[in-house]
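First comes the structure, then the notes that go with it.
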Amino acid sequence: MHLAALHTPSQIQLNKDGNLKHFITIEGLSKQTLTKILDTAQSFFNDQNQLITNNLLEGRTVMNLFFENSTRTRTTFEAAAKRLSANVLNIDIARSSTSKGETLRDTLWNLEAMAADIFVVRHSSSGAAHFIAKDVCPNIAIINAGDGRHAHPTQAMLDMLTIRRETKKDFADMSIAIIGDIKHSRVARSDVAALQTLGCKDIRVIAPNTLLPFGFEEYGADVRLFNKMEDGIRDCDVIITLRIQNERIDSPALSSPAEFYKMYGLNKERLALAKPDCIVMHPGPMNRGVEIDSSIADGPQSVILNQVTNGIAVRMAVLALAMQGQLQEQGLIEAIAV
Ligand code: ASP
C-alpha cells in the first residue's frame, strides 16, 4: 500500500481548480502537483545556477510563526519570501501574548487582522498547520514548516529537488536509503511519501527496530526495511542520513550515541558499498560522529549545503504557488501565472 493511502488525503490543500492553496503535507498530492513545485523551484535558478529575485509576492505579507526552534527552515523561508519581494514578519512567539495566556486562535486572528497573506507555521504538535488552515484562518495560505513528528513537506520537496538536480536520474531508476531515527522524524515520513509519489521503486529504510514507526510494514512493497546498514546501502544512488530526535523520545531507544555510530554511522567504509556516484544528504542539524562522520559530511559526495540553497528555491515555489492558489480560490485572479 502507498504511504499516501494510509492517511486521509488532505484535500484542504487544493483549491476548486485543483491547484495548491495551502501546503500541509505530501500525502494526497499528485505526482503532477509535486512536479509542478519542482519545476517552479528550478525556474528560480538562472543559467549561472544562481537564485533569482522577482516580484511575484510584491505587496504581500508573509508571517513566520515558529513555535519550535529552527535555523535553516526559518531563515530560508525568510530569504525565499524576500526574493519574491514580499514583506516578511518574523513573529517572536516566546515574547508574544501566547506566553500571557492568549489562545493560539486569538493570536492568529490578531495577526490575520494585520493583513497577513501567508502564515509559515512550525509547531511541536502534529496537526497544528492543518488545524490553522481548516479551523482558524482558511483564507490565508498556510505553509507547514514542520509539525511534530507528522510532516515537513518543504524539506521533502527540497530533498527531491536536490536528488533531481544532483543525480540527473529518474526517480523510478534509483535506489534511495534513509538511515536512522525514522520513528520520530517528520522528514522521513514526508520523504518516503514524496519518493513514492514521484515513482521511486526502491526505498530502503535502515534503522534498528526501536527507531521504526508502528505499522511500518504497511508502507508498501517499494519500501524495504534493513536492520543492517551494510546490507541497506549496497548499490544505492542516494543516502539520506537523519538526526536522532532526542526531543521527541521519552524512553531510551538506544544505549548511547557511540553505539548508534558503531551500528549506523555513515563512514568511508560503509559509503564505499554504495554506487561510486552516490550522493549523501542530511536535513540538518547534523550530529557529527553520531549519524555521520565529518569526512563524509564535508566530503566530495556530500550535497548537504546544496540542500540548503535548494531549500530557498523550493520555498519560493511553494509560497508563490500557494498564494496564487489562494487568490484563485477567492476569485481574485483567473488563472495561475507561475
Ligand atoms: N530540521 C529537520 C526538522 O525540523 C530535521 C531535524 O530537526 O533533525 O525536522
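Please treat every number below as a calculation from the coordinates, not as lab data. The shown structure was predicted, so the numbers you read here are calculated from the model rather than taken from an experiment. Note that each Cβ is placed from the backbone with ideal geometry, even for glycine, and that neighbours are counted across all protein chains shown.
As a test of the formula, what do you get for the chain when each DSSP H run with n ≥ 4 contributes -39,500 (n - 2.57) and the sum is divided by the residue count, at 222 nm and rounded to the nearest 500 deg cm²/dmol?
-9500 deg cm²/dmol
Calculate one ³J(HN,Hα) per residue across the stretch 150-158 by plugging θ = phi - 60° into the Karplus curve 6.51 cos²θ - 1.76 cosθ + 1.60, and present them in order as whole Hz with x for glycine and proline.
7, 8, 9, x, 6, 5, 4, 5, 6
How many nm separate the modelled label positions at residue 272 and residue 124, each set 7 Å beyond the Cα in the direction of the Cβ?
Going by the 7 Å Cα→Cβ label model, 4.4 nm.
What size of dipole, in debye to the nearest 20, comes out for the stretch 50-114 about its Cα centre when the only charges are +1 on Lys and Arg C-beta atoms and -1 on Asp and Glu C-beta atoms?
Using only the charged Cβ atoms, the result is roughly 180 debye.
Could you pull out every residue, at least 5 positions away or on a different chain, whose amide H is within less than 5 Å of the one on residue 175? Hs are placed 1.01 Å off N in the peptide plane, and Pro or chain starts have none.
237, 238
Which distance in Å, rounded to a whole number, links the C-alpha centroids of the stretch 74-102 and the stretch 239-310?
Result: 30 Å between the Cα centres.
Nearest 20 debye, what's the magnitude of the dipole of the chain about its Cα centre given +1 on Lys and Arg Cβ and -1 on Asp and Glu Cβ?
Numbers: 35 positive and 38 negative charges, 47 e Å.
Computed about the Cα centre, the dipole is about 220 debye.
Using modelled amide H (1.01 Å from N, peptide plane; none on Pro or chain starts), what sits under 5 Å from the amide H of residue 64, excluding residues fewer than 5 places away?
Residues meeting the criterion, in which the H sits 1.01 Å from N, are 89, 90, 91, 120.
What's the ranking of 258-271, 279-292, 96-109, 189-202 by average number of surrounding C-beta atoms within 10 Å, highest first?
189-202, 279-292, 258-271, 96-109
Along the charge dipole of the chain, pointing to its positive end and built from +1/-1 on Cβ of Lys, Arg, Asp and Glu, which listed residue (284, 227, 215) has its Cα farthest out?
Looking along the dipole axis, the top candidate is 284.
In whole Hz and in residue order, list the ³J(HN,Hα) couplings for the stretch 81-92 that follow from phi through the Karplus curve 6.51 cos²θ - 1.76 cosθ + 1.60, θ = phi - 60°; x for Gly and Pro.
4, 5, 5, 8, 6, 7, 7, 10, 10, 9, 7, 7
To test your reading of the geometry: what angle, between 0 and 90 degrees and rounded to tens, separates the Cα axis of helix 186-197 from the longest principal axis of the chain?
90 degrees
Could you tally the net charge around residue 41, taking each other residue with its Cβ under 15 Å from the Cβ of residue 41, Lys/Arg +1 and Asp/Glu -1?
Combined, the nearby Lys, Arg, Asp and Glu give +2.
Taking amide H positions as placed 1.01 Å from N in the peptide plane, with prolines and chain starts having none, which residues 5 or more places from residue 23, or on another chain, fall under 5 Å of its amide H?
142, 143, 144
State the Cα centre-to-centre distance between the stretch 158-220 and the stretch 141-155 in whole Å.
Centre-to-centre distance over Cα atoms comes out at 16 Å.
Output the peptides 58-64, 326-332, 115-121 sorted from most to least packed, where packing is the average of other Cβ atoms within 10 Å over each peptide's residues. Can you show the working numbers first?
On the way: 58-64: 18.6, 326-332: 15.4, 115-121: 22.9.
Per-residue mean Cβ counts within 10 Å order the peptides as 115-121, 58-64, 326-332.
Residue by residue through the stretch 267-274, which ³J(HN,Hα) values in whole Hz follow from phi under the Karplus form 6.51 cos²θ - 1.76 cosθ + 1.60 (θ = phi - 60°), with glycine and proline marked x?
Here the 3J(HN,Hα) series is 10, 4, 4, 6, 4, 5, 7, 7 Hz.
Sort 294-302, 45-53, 146-154 for me by packing, meaning the mean count of neighbouring Cβ atoms within 10 Å per residue, highest on top.
Values: 294-302: 14.8, 45-53: 10.0, 146-154: 24.8.
Listed from highest to lowest mean packing, they are 146-154, 294-302, 45-53.
When a/c is below 1.5 the answer is rounded, else prolate if a/b is larger than b/c, else oblate, so apply that to the stretch 120-260 with a ≥ b ≥ c taken from the square roots of the Cα gyration tensor eigenvalues.
oblate
Taking a cut-off of 27 Å, what percent of all Cα-Cα pairs in the chain are separated by more than that?
The answer is 43 percent, as a whole percent.
Given that compact globular proteins tend to follow 2.2 N^0.38 Å, what is the ratio of the alpha-carbon Rg of the stretch 286-338 to that value? Mind showing how you got there, number by number?
Details: Rg = 18.6 Å, N = 53, 2.2 N^0.38 = 9.9 Å.
The reported ratio for this selection is 1.87.
Please arrange 73, 33 by counting, for each residue, the other beta carbons lying within 10 Å of its beta carbon, fewest first.
By the 10 Å Cβ count, ascending, the order reads 33, 73.
Note down the net charge around residue 86, summing +1 for each Lys or Arg and -1 for each Asp or Glu among other residues with Cβ under 14 Å from its Cβ. Mind showing how you got there, number by number?
Working: positive: 60, 82, 83, 315; negative: 58, 78, 117.
Neighbourhood net charge equals +1.
Once R0 is set to 22 Å, what does the formula 1/(1 + (r/R0)^6) return for the Cβ-Cβ distance between residue 113 and residue 82, expressed as a FRET efficiency to the nearest 0.05?
E between residue 113 and residue 82, to the nearest 0.05, is 0.40.
What is the dipole size for the stretch 61-167, taken about its Cα centre, with +1 at each Lys and Arg Cβ and -1 at each Asp and Glu Cβ, in debye to the nearest 20?
Here the size comes out at about 280 debye.
Set Lys and Arg Cβ to +1 and Asp and Glu Cβ to -1, take the dipole of the stretch 234-338 about its Cα centre, and tell me which of 297, 312, 244 lies farthest positive.
Comparing the listed Cα positions along the dipole, 297 ranks first.
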